1. Report whether or not residue A:47 is assigned to a loop (DSSP other than H, G, I, E, B), within 13 Å of chain B (Cβ to nearest Cβ) and closer than 24 Å to residue B:65 by Cα.
2. Among the residues that make up region B:374-389, is at least one of them closer than 24 Å to residue B:161 by Cα and in contact (Cβ under 8 Å) with a residue 12 or more places away in the chain?
3. Being under 11 Å from the mean Cα position of the chain (by Cα) and either within 14 Å of chain B (Cβ to nearest Cβ) or assigned to a loop (DSSP other than H, G, I, E, B) (or both) is the filter here; which residues of region A:58-79 pass it?
4. Within region B:85-116, can you find the residues that are buried (at least 24 other Cβ atoms within 10 Å of the Cβ) and touching a strand residue (DSSP E or B) at 6+ places or on another chain (Cβ under 6 Å)?
5. With a cut-off of at least 3 residues that are over 24 Å from the mean Cα position of the chain (by Cα) and within 14 Å of chain A (Cβ to nearest Cβ), name the helices (runs of 4 or more DSSP H) lying wholly within region B:43-127.
6. Within region B:250-265, does at least one residue satisfy the condition of being out of contact with any helix residue (DSSP H, G or I) (no Cβ under 7 Å at 6 or more places or on another chain) and farther than 30 Å from residue B:86 by Cβ?
7. Could you grab me the full set of residues in region A:1-34 that are part of a helix (DSSP H, G or I), in contact (Cβ under 8 Å) with a residue 60 or more places away in the chain and either at the interface with another protein chain (Cβ under 10 Å from one of its Cβ atoms) or surrounded by 15 or more Cβ atoms within 10 Å (Cβ to Cβ) (or both)?
8. Looking only at region B:301-327, which residues are without any contact (Cβ under 8 Å) to a residue 60 or more places away in the chain, touching a strand residue (DSSP E or B) at 6+ places or on another chain (Cβ under 8 Å) and more than 13 Å from residue B:275 (Cβ to Cβ)?
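Values in this text are rule-based calculations from the coordinates and carry no lab data. These numbers were taken from a predicted model, which means no experiment stands behind them. Neighbour counts run over all protein chains shown; Cβ positions are idealised from the backbone, glycine included.
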């Protein structure tokens with residue numbers, strides 16, 4: 001299954017609403033997890049685990065450091081989904 | 001501010017979330033009308049348990065979903081009770097550096113550790129919650145309350161099994177007398193209604209198995225008692241120096257006059273049948289409060305409804321109070337045994353009894369055990385004329401804690 005950027009963005013928005021109560025309209029590519037969405041480091045781990053399950057991808061800790069914004073995560077997951 | 005080192009402190013706020021209802025008013029009404037919060041747990045996974053009575057709390061809708069999802073149930077209970085107590089105290093304007101929190105728990109985040117053990121086994125380590133550790137740690141309830149109230153003078157957690165809640169209140173008294181703080185939010189919380197702890201208590205033969213009559217199962221001092229009923233809940237008091245309470249014009253429910261702590265060094269779980277340690281805690285508490293036995297009009301007893309414990313405690317009363325026989329009640333006859341929250345919930349009940357001048361009866365006390373030589377309040381509530389009341393709590397490990405409240 002190939003993931004599209006649109007699918008990943010909307011899926012990520014649902015995950016963020018579930019684990020952290022972030023309203024869907026705030027989940028835009030430019031939004032930074034920590035500064036704009038107030039997702040702390042523990043909650044970010046929950047987001048990662050939920051995304052791995054939802055999208056069938058693996059997000060290693062090394063990659064996590066570079067996932068600062070929603071756009072970073074969408075790009076990573078979409079690319080990982082292609083190679084998965 | 002100077003250290004008082006002795007003397008009473010003011011009780012200005014009360015909070016309780018118990019099997020009798022959502023707040024202190026429900027606890028008070030439930031005790032005075034001798035209502036039972038005990039029920040039979042039915043279906044999976046309870047049916048396999050040899051003892052499956054419990055007294056549970058309705059937490060539905062008490063916290064926002066997002067706030068609740070990273071807090072263990074024991075933290076949620078503590079937070080709800082602490083907010084009630086804080087509001088009751090009028091949300092005291094106190095410098096954060098002069099506000100401390102002491103919330104005890106017997107077991108801590110048992111439901112989280114057990115639930116996440118299942119996750120680990122079924123889905124592997126990467127599925128384990130990153131919130132596991134702050135949810136399971138015994139200081140989790142105190143930490144959650146400290147964070148919510150912005151307390152910066154220290155957050156503490158006495159862990160002494162079923163004496164934890166009372167020990168937290170004793171520690172609050174020390175802190176206030178030390179002069180280091182002006183206000184302390186103190187109490188206890190417990191939430192471990194789960195098949196594993198229940199199986200463990202059942203294997204000790206500590207639990208009642210009166211499954212055909214759940215509401216009659218918790219019966220302190222009664223000849224037919226056959227063990228305690230596990231309960232969950234939280235009790236919290238706002239305590240402050242008399243000076244601080246007066247300066248802000250706070251309503252003072254009662255005062256904590258003294259505390260006494262001792263330890264049995266007898267057996268890890270069995271009470272010393274002579275009640276020596278328990279008696280010493282009472283004597284020390286009275287001395288700390290500058291009172292004698294004759295001043296005490298009422299005892300809110302630990303009285304769990306176990307065959308051995310109730311009698312040992314009755315002997316302790318005789319040792320410490322001599323021929324003086326205050327009116328005794330047993331909150332657990334209605335609430336079940338809230339373990340680390342019990343001492344705090346019973347402290348709340350004791351304060352209310354003193355404030356309102358009325359002592360609730362012991363439920364289910366149909367036929368008093370000849371060896372339980374206490375003046376138990378039966379069937380109907382009794383007036384309280386005296387100005388002092390005791391609350392006693394004892395825990396596995398041989399912990400003995402007595403608190404003296406005064407008008």
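1. no
2. Looking through region B:374-389, at least one residue is closer than 24 Å to residue B:161 by Cα and in contact (Cβ under 8 Å) with a residue 12 or more places away in the chain.
3. A:59, A:64, A:67, A:68
4. The answer is B:85, B:89, B:100, B:101, B:102, B:103, B:104, B:105, B:106.
5. B:65-69, B:110-123
6. Yes, that holds for at least one residue.
7. Of everything in region A:1-34, those that are part of a helix (DSSP H, G or I), in contact (Cβ under 8 Å) with a residue 60 or more places away in the chain and either at the interface with another protein chain (Cβ under 10 Å from one of its Cβ atoms) or surrounded by 15 or more Cβ atoms within 10 Å (Cβ to Cβ) (or both) turn out to be A:8, A:9, A:12.
8. Listed by number, the residues that qualify are B:324, B:325, B:327.
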